[in-house]
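To keep things clear, I will list the structure first and then write my remarks on it.
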2 protein chains.
Amino acid sequence: MEYHQINDTDRENLRKFISEPERFVTEPTKHWDHDQFRTVTAMPELVIQPVTNQEVENVVKYASDHHIPLVPRGNSTGLMGANLSVDGGISLDMVKMNRILEYDPDGLTMTVQAGIRLKDIEEYLADKPFTYMPAPAMHWATIGGNVDTNAGGLKAIKYGVTREHIRELKVVLTNGKLYKFGSKAVKSSSGYSLKDLIIGSEGTLGVVTEVTLRLYPKPRKSINAIIPFPTLNDAIRSVPAILASGVVPTTVEFMGRKVINLWEKYADDEFPIKNGDGFIIMGLDSFTEEEWQAELKQALEAVKEFKAEDAVILSADSEEAKKIWKCREELLLAIQKSTPKMDEIDVCVPINHIPEVLDRIEELENELNIRIPNFGHAGDGNLHIYLCSDGMSDEEYAKTSDKVISELYKTAKSLDGNMSGEHGIGYARAGYYEDFYGHDYTELLRQVKKLFDPNEVVNPGKIFKM
Amino acid sequence: MEYHQINDTDRENLRKFISEPERFVTEPTKHWDHDQFRTVTAMPELVIQPVTNQEVENVVKYASDHHIPLVPRGNSTGLMGANLSVDGGISLDMVKMNRILEYDPDGLTMTVQAGIRLKDIEEYLADKPFTYMPAPAMHWATIGGNVDTNAGGLKAIKYGVTREHIRELKVVLTNGKLYKFGSKAVKSSSGYSLKDLIIGSEGTLGVVTEVTLRLYPKPRKSINAIIPFPTLNDAIRSVPAILASGVVPTTVEFMGRKVINLWEKYADDEFPIKNGDGFIIMGLDSFTEEEWQAELKQALEAVKEFKAEDAVILSADSEEAKKIWKCREELLLAIQKSTPKMDEIDVCVPINHIPEVLDRIEELENELNIRIPNFGHAGDGNLHIYLCSDGMSDEEYAKTSDKVISELYKTAKSLDGNMSGEHGIGYARAGYYEDFYGHDYTELLRQVKKLFDPNEVVNPGKIFKM
């Protein structure tokens, strides 16, 4: 689509909406041209950093009326280029809209501006009896970005993802009006849930400016245990048995010896557990010590038939525990360090079908001669799969990754999975969307997009091709 | 809107889609003209009982192409007339589409046709290690109806409502095509969640034909306790303190001495607890005995400052426990029995604002000289408020109820609540919708409706006025 290029008149008009000149950046630097992964780069023509709903309303309306692309942007921790101004236009950088508006423990909600970081929310709640439960690993991501990607995190199995913990949103639509979607109340059977349509829409339907979070009582006890298995396949296949035994862990992560080896090289350190080729890290929350102990005992009983070896409890402040967590947290860095270029696939499949995805990955590694290390969330079926360029030329890498991406999407689709569990489709994967979800379904999304954004100005070119 | 009236040619054409003549009812009886509450009655011109997706596809497409209203209908346990053919046309009675299609414990899902009753799902799962967690009181409601109203139930506080337990839907849209919304996978960040748009849409966007439920490990221990307080206000105000103490009950119900008196009269029996004017019934789930005992102890500690009296544990098979449950379950019948006519309001507000709604109810009782007994879910802020006609003339009752409904909606709105927590808007309340949610918001819903149903044939006239 052809867009209007920002000119002096536009700059003059738009500047009037913003009270402080330092929040109106006419010559954007490289800070604004990439996200965490740098697989897509694009420079906006103008950066605006609003601090009030009114400023957002004015800017969005102007952009829509004048056919200028406008891309909302959080703290840029995305991986799929969702926050990049690929068609030029305005980068609406929300990071200064970062205030806590209300803490309401009796109503079990907390209301914040969209540009606040998870980290700041966590710090604010540190001494309170409540927590914001979703636990995405990127603590410096903004809550607005979390809403836009329906961020997942480690605790989906017990507590759900971002969607389940958002009570209300304030959203500016392209007509320049501020809407309230949802409410502070827990239940609703009062018409279409537009709040849920916005969650996960990657900023393509409007700009989220305020978020009311659900507060959850802080668990008294939280522990983690790592369980070694002879193979990764054994480790992963044990998870449905844990759940069938009546235990609901907060989290079940998996990792194999292969990625651990990468970490050992990266960290120049040794992983403390020598036995086993596959591991699950299982988390348990409870009110009493007795509860998690009984659950852990039951879970360990349930995984016996998968040849589980002795578990190590990670709640203690032992050197061993610290090192295992360090390894888990540095896996991505370790993989990244092992290759000049990297791309990621984060399909989500039903948990009993993870082994099929891992089998297909191994086949593709052999067929296409590419290294594809991975780890992920065994408890919710969400895999993080990394395509390493290693010695390939750029052209060769591009061709091979495209092949791997297409093939693994085919696998995920055949298992009734999703293209992305938590990282979104963004710009990098929009070209694959219609193949995965089909023409009829994608056409419906296009119509929804047009309904909310008839001039196609908010975050154009993301999720699917128009 | 003017619709096409079904004629002999239509009947002939539609009959061809349905393989068995007994599922094609050309002369509908009174069975199909009302719902549970009978505040709205309307007779369809034709009743069709499909058993396959293909039959639904054909009938929906025909209805849309020929501008014939089509109203999906479950087991008719609704209260707001959502399933009534108020514009004539076809009643699409889903009760024979009631098969279990797949039980997949390893993938933690179960797939059923939309017309199956909750009761049948519960029976099927009785000897399995998993459960379908939402717990609406109407066990003979269909799961399709539950999806369409986003049914709530008693366990929202810990486990969420229907929305959180639906993985995937098959939905026939008015173009006659079958769509898959959602997937069996736990997480998704893959475009707009149309599944969530359908949930709670009261059959106005399309016809849900298949539902994939999330299976949840069955809790090992479940107990309930009833706690008496000097006043209902004390009882309700204690709930945020329970949560702040770190206890997450599955459910917290409230009831006052006033409705209990009605029950005593209705049942010709005595409520076993003589002390206290307000009560909460609290449920706890856990893996071990120690866990719920510690949680209960903590909760009782937390409610002390609200003058709580001695709690009675209801898990035991004592006569006392049975009678208290019987009372709780018969409250609605007891209220219904006390008055010739009755209507209901089920607003949902943040839990700390329940007392304001109860105060307003008392004011209205005095101002307008009407009896408004009530009880509800203290844990999620959802109230069930009954308007009793008693000695009023029909005209007087209609006028007075309209006034009470309008006033309590005003109250709920001012507290950032919702019009309905779980019973929906249906036909009976569609006239109040725009006042509550405003013109701009309602206009958005109208556009979504037109996108999915351009000819306005599926369940027209429900939720809001076009």
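Computed values, structure above
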{"item": "Given (1) outside any helix (DSSP H, G or I); (2) over 20 Å from the mean Cα position of the chain (by Cα); (3) free of Cβ contacts under 8 Å to residues at least 12 places away in the same chain, index of the condition A:GLU12 fails", "result": "(1)"}
{"item": "Residues being under 20 Å from B:HIS377 (Cα atoms) and over 29 Å from the mean Cα position of the chain (by Cα) - total across the range B:274-284", "result": "1"}
{"item": "Residue count, the range B:280-295 (criterion: of a type in the set (Phe, Trp, Tyr) and assigned to a loop (DSSP other than H, G, I, E, B))", "result": "1"}
{"item": "Failed condition for B:PRO28, given (1) under 22 Å from the mean Cα position of the chain (by Cα); (2) closer than 30 Å to B:LEU332 by Cβ; (3) modelled with pLDDT of 95 or more", "result": "(1)"}
{"item": "Yes/no for A:VAL248 being at negative phi, within 7 Å of chain B (Cβ to nearest Cβ), touching a helix residue (DSSP H, G or I) at 6+ places or on another chain (Cβ under 8 Å) and in contact (Cβ under 8 Å) with a residue 40 or more places away in the chain", "result": "yes"}
{"item": "Residue satisfying condition, being under 15 Å from A:LYS184 (Cα atoms), among the hydroxyl-bearing types (Ser, Thr, Tyr) and not assigned by TED's automatic domain parsing to the domain that holds B:ASN83, within set B:SER414, B:SER401", "result": "B:SER414"}
{"item": "Residue within the range A:259-272 that is hydrophobic (A, V, I, L, M, F, W, C), modelled with pLDDT of 95 or more and within 15 Å of A:ILE351 (Cα to Cα) present", "result": "no"}
{"item": "Output for the range B:284-306, where each listed residue is in contact (Cβ under 8 Å) with a residue 40 or more places away in the chain, out of contact with any Leu (no Cβ under 9 Å at 6 or more places or on another chain) and either more than 14 Å from chain A (Cβ to nearest Cβ) or of a type outside the set (Gly, Ala, Ser) (or both)", "result": "B:ASP285, B:PHE287, B:THR288, B:GLU289, B:GLN298, B:LEU300, B:GLU301, B:VAL303, B:GLU305, B:PHE306"}
{"item": "Matching residues in the range A:200-223 - criterion: being over 30 Å from A:GLU290 (Cα atoms) and within 7 Å of chain B (Cβ to nearest Cβ)", "result": "A:GLY200, A:SER201"}
{"item": "Helices (runs of 4 or more DSSP H) contained in the range B:193-254 and holding at least 2 residues over 30 Å from B:THR52 (Cα atoms)", "result": "B:232-237, B:239-244"}
{"item": "1 or more residues under 25 Å from A:SER193 (Cα atoms), of a type in the set (Asp, Glu) and more than 8 Å from chain B (Cβ to nearest Cβ): qualifying helices (runs of 4 or more DSSP H) within the range A:376-460", "result": "A:430-437, A:439-452"}
{"item": "Filter result (assigned to a loop (DSSP other than H, G, I, E, B), facing chain A (nearest Cβ under 9 Å), touching a strand residue (DSSP E or B) at 6+ places or on another chain (Cβ under 9 Å) and closer than 16 Å to A:LYS187 by Cα) within the range B:152-178", "result": "B:GLY152, B:VAL161"}
{"item": "Qualifying position, being more than 10 Å from chain B (Cβ to nearest Cβ) and under 29 Å from B:LEU415 (Cβ atoms), among A:VAL86, A:VAL112", "result": "A:VAL112"}
{"item": "Hits in the range A:135-151 - residues which are out of contact with any Leu (no Cβ under 8 Å at 6 or more places or on another chain) and either of a type in the set (A, V, I, L, M, F, W, C) or more than 12 Å from every other protein chain (Cβ to nearest Cβ) (or both)", "result": "A:GLY144, A:ALA151"}
{"item": "Strands (runs of 3 or more DSSP E) within the range A:69-148 that include 3 or more residues modelled with pLDDT of 95 or more and surrounded by 23 or more Cβ atoms within 10 Å (Cβ to Cβ)", "result": "A:70-73, A:90-93, A:109-113"}
{"item": "So B:GLU309, is it assigned to a loop (DSSP other than H, G, I, E, B), surrounded by fewer than 18 Cβ atoms within 10 Å (Cβ to Cβ) and more than 10 Å from every other protein chain (Cβ to nearest Cβ)", "result": "yes"}
{"item": "Qualifying residue in the range B:270-279 (condition: assigned to a strand (DSSP E or B) and in contact (Cβ under 8 Å) with a residue 12 or more places away in the chain)", "result": "yes"}
{"item": "Failed item, numbered, when B:ASP127 is tested on (1) in contact with a helix residue (DSSP H, G or I) (Cβ under 8 Å, 6 or more places away or on another chain); (2) more than 28 Å from B:ASP343 (Cβ to Cβ)", "result": "(1)"}
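Residue by residue, here is whether (1) surrounded by 21 or more Cβ atoms within 10 Å (Cβ to Cβ); (2) of a type in the set (S, T, N, Q) holds:
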| site | (1), (2) |
| --- | --- |
| A:GLY379 | yes, no |
| A:LEU383 | yes, no |
| A:ASP394 | no, no |
| A:ALA398 | no, no |
| A:SER401 | yes, yes |
| A:LYS410 | no, no |
| A:LYS413 | no, no |
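The values are calculated or read from the model by the stated rules, or taken from the named source; none is laboratory data. Note that the structure is predicted; figures quoted are calculated from it, not measured. No Cβ is skipped: glycine too gets one built from the backbone with ideal geometry, and neighbour counts run over all protein chains shown.
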